[in-house]
1. Can you spot a residue in the range 412-422 that is more than 22 Å from Cys240 (Cα to Cα), surrounded by 22 or more Cβ atoms within 10 Å (Cβ to Cβ) and at pLDDT 95 or above?
2. Select from the range 298-320 the residues that are within 23 Å of Asp283 (Cα to Cα) and assigned to a loop (DSSP other than H, G, I, E, B) and list them in ascending order.
3. Just give me the residues in the range 287-300 being aliphatic (A, V, I, L, M) and either surrounded by 24 or more Cβ atoms within 10 Å (Cβ to Cβ) or modelled with pLDDT under 95 (or both), in sequence order.
4. Being touching a residue at least 40 places away in the same chain (Cβ under 8 Å), touching a helix residue (DSSP H, G or I) at 6+ places or on another chain (Cβ under 7 Å) and either buried (at least 19 other Cβ atoms within 10 Å of the Cβ) or farther than 24 Å from Glu237 by Cβ (or both) is the requirement here; does Val51 meet it?
5. Whether any residue in the range 209-229 is without any contact (Cβ under 8 Å) to a residue 12 or more places away in the chain and surrounded by fewer than 24 Cβ atoms within 10 Å (Cβ to Cβ) is what I want to check.
6. Can you pull out the residues in the range 246-275 that are under 16 Å from Ala44 (Cα atoms) and either of a type outside the set (A, V, I, L, M, F, W, C) or crowded, with 23+ Cβ neighbours inside 10 Å (or both)?
7. Which of the residues spanning the range 283-297 are within 24 Å of Asn108 (Cα to Cα), over 23 Å from the mean Cα position of the chain (by Cα) and part of a loop (DSSP other than H, G, I, E, B)?
8. Tell me whether the range 375-384 contains one or more residues that are buried (at least 20 other Cβ atoms within 10 Å of the Cβ) and small (Gly, Ala, Ser).
Amino acid sequence: MESTLELFNQYVVPTYGRFPLVLERGEGCRVWDEAGREYLDFGAGIAVCSVGHSHPRVADAMARQARKLVHTSNLYYTRPQGELAKRLVGYTGHAGKVFFANSGAEANDGLYKLARKFGNEARSPLPRHAAGERLDYAPNRCEILTFDGSFHGRTLGGIAATGQEKVKKGFEPIAAGFRHVPYNDAPELGRCIGPDTVAILMEPIQGEIGVRPATVQFLKAVRQICDDHGLLMMFDEVQCGLGRTGDWCAWKTLAGEGIIPDAVSWAKGIAGGFPLGAFWVRDRTISMKDGSEMSLANLLGPGTHGSTYGGTPLGCTVANEVLSIIEEEGLLANAREIGAYAKAAIEALCSPLIKEVRGVGLMLAFELVADFSERIGDKRAPALALIERLHQAGLLSIPAGTHNVRWLPPLNVSRIEIDRAVAILRAALS
């Protein structure tokens, strides 16, 4: 019989650079491979397994709903979808409506369509340039500004929106309608607003580049720029949202309640590993070109967007259970407290091989020094070289670029597990 690796080599498209580990089962913060070896999982499916592996409440909820109703078309209503939408709207603290998809990339595609629809059909104030003069805006604005270092998924729209050249190679011509600008640079952002610009899409905390948060000043400046120019302010919280930072909304962790976006995408931790994505659209009045007024939350009307599997009763039941566990077990507070504890513990190592430690809640990264490879005599990318050593010692971690290692453990990780991970890191760095 073929081994698991042989099955993959022969039958699975090789789109992933996989580590040579074959994982078989998990429980809480731990996973085991086919040989029975145990690992601390500080990747959690890349910020997906919010309440750990095989949580009994999630398994029970999934089984109950699977015996009741797994799927029905969105031609009909199902209560779990309505209840989940209400819960998510409540987390934002502002009136709005939710669309359900299957992934973060799909949720972001919905944001692109929302912006295009807004640019084509809404009548916005004439945009104003940074210098103060009014611009003649295009009748059908379509340009979305995103940021250097961003990551918004691997669909054709997602790679066009992503501010990293490596994801675009080989897929030219890149879909039009996106432009990348420097992150955390409000003056430059203001200068980049043009007559075609319709929206600004940003991650409040950039994850794939190595956990880089927006400053409070930048978030406020982006909101002001959007107000001044009649643009939509859209947040990609696929990785940083729904508890990862210690709040339901990452932008609130960074800036409090003073900022209200126009739309937000979520996925990853929303259902603890069950494939589900969503985006929220703010309920605010917009003026249409035909002279009418309507809510932005209703702009994507019947026939404008859809998803066969988005918002199934099974997926929404699982998500409701995951989010209930986070609420009832106090995991937002745990993310804040244990995240700060973990960040301080890594910093306390005072390793000459670590340049910087960054983190918000349980979204953590440490950046290795530029000459890491020369110091340890290993020509591989520094993050991969270190992660292999961590794997050998029983700790799963996630690379971010060439020099960053991320820790994204379940939100119910304990201090004991943090201490064990830091001890493994200390030994690997030694």
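The values are calculated or read from the model by the stated rules, or taken from the named source; none is laboratory data. The shown structure was predicted, so the numbers you read here are calculated from the model rather than taken from an experiment. For neighbour counting, all protein chains shown are included, and Cβ atoms are generated from backbone atoms with ideal geometry for every residue, glycine included.
1. The answer is no; no qualifying residue exists.
2. Matches in the range 298-320: Leu299, Leu300, Gly301, Pro302, Gly303, Thr304, His305, Gly306, Ser307, Gly310, Gly311.
3. Met288
4. So Val51 fits the description; yes.
5. yes
6. Listed by number, the residues that qualify are Ala267, Lys268, Gly269, Ile270, Ala271, Gly272, Gly273, Pro275.
7. Arg284 - this is the single residue of the range 283-297 that is within 24 Å of Asn108 (Cα to Cα), over 23 Å from the mean Cα position of the chain (by Cα) and part of a loop (DSSP other than H, G, I, E, B).
8. Yes.
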